[in-house]
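Read-outs: derived from the displayed coordinates by stated rules, not from any lab. Given the structure is predicted, the values throughout are model-derived calculations rather than measurements. Every residue, glycine among them, receives a Cβ derived from its backbone with ideal geometry; neighbour counts consider all protein chains shown.
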Amino acid sequence: MVGHSDDVGELATAWCAGDTSRGRTAVITGMAGVGKSRLVAAALDVFDPTPSTILAGTARLHSPAPYDWLAAVLDRTSLPPTTELRAPADALAWLAQDPDVPRERYAPDALLRIAVRVVRALVGGGPAVLVAEDLHALDPASLNLLAALAATPDLPVLLVVTSRPPAADEAGRLVARTLARLAGGAGAVRVHLRPLGRPEVADALTQIYRPELVTDAVVDAALRRSGGNPYQLTELLADLGGRDPAALIAVDGGRVDGPDPQPRTQLTARERDVIACLAAGMANKQIARSLGISVRTVTVHVSNLLRKTGTASRTDAAVWAVRHDVGPTVTDPSEPADPLDPAGATEIEGPGSGASRRWSVRLPPVAAKAR
């Protein structure tokens, strides 16, 4: 969140400002890797009062279907009896994308009204936060639902949506119209995340390395090679492997000079993080929370890992990581901290009703080879 403290503060202000009995919307846009999911997580941590409910959903990657956002919410939420949701059982099964859904379906307008009632019932008396990540990948029914929720009177929620800039095709134009509707509402907050500038890159480097090691030449090299993209900067520093950052200045074929601290096996630094989490037995949602990325991004990484490692399952990929001694870019909390990286330990957020529930995790042997 280097350089984005004002953005976190703006979201926190949107949460606590004004009458909590009415809804507000926050639209967060930016290219891939600029930290949209991390910004949402950071804001949820500081919201005061604590949200009574957080309903979060995103698109399904491989098999998109109508109402993906609500289906994801229902999959993660302990549902009250159907009567309390004010929804017919067959309609709820269709909204939840139940594989045994009845063949008879409701008219689109009727189903939209039922979906709004279901969300209202889940929110209860509020105040609650609705999070819709990767709006650009959601299906049209989900886009209509989110726009309807933003316009629903007396719904005590803050609707937070994240999206990449919409594409120029027909689907992108629908996303653009939805973003315009959401951002044009009364009291809406619009946050556009841009790449980091030189001062922010320097700030990020000094949080990892001793200040005397962060020379102007090192900052310029990091900015040039990452383009100021926080994700690319993280990958770059992970590939550096804890060595003197002066190695960033000398580039040989696009790789950092010096001995390679561990076998790369054509995996990116983030893929090594993900495969270590797989070895720790984490589900995609837990991996997303611990690494500060979206569940959709985790799904992409897992798919890439299965392809690159030639494995058929998550378990096989974890075994592959152990056999090939491929470690993540974090250190085991039980190990001494690296002299260039005093942070050392890693904290992982666990499931529960509040974002403050955390525990320390001792990573498996594969994670002990971080550097």
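Quick look at the values:
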| quantity | calculated |
| --- | --- |
| Peptides 3-11, 45-53 ordered by average Cβ neighbours within 10 Å, highest first | 3-11, 45-53 |
| Virtual spin-label span in nm between GLU84 and ASP48, 7 Å along Cα→Cβ | 3.1 |
| Peptides ranked, highest mean first, by Cβ atoms within 10 Å: ranges 220-227, 209-216 | 220-227, 209-216 |
| Difference of contour (0.36 nm per residue) and Cα-Cα distance, HIS192 to VAL101 | 28.8 nm |
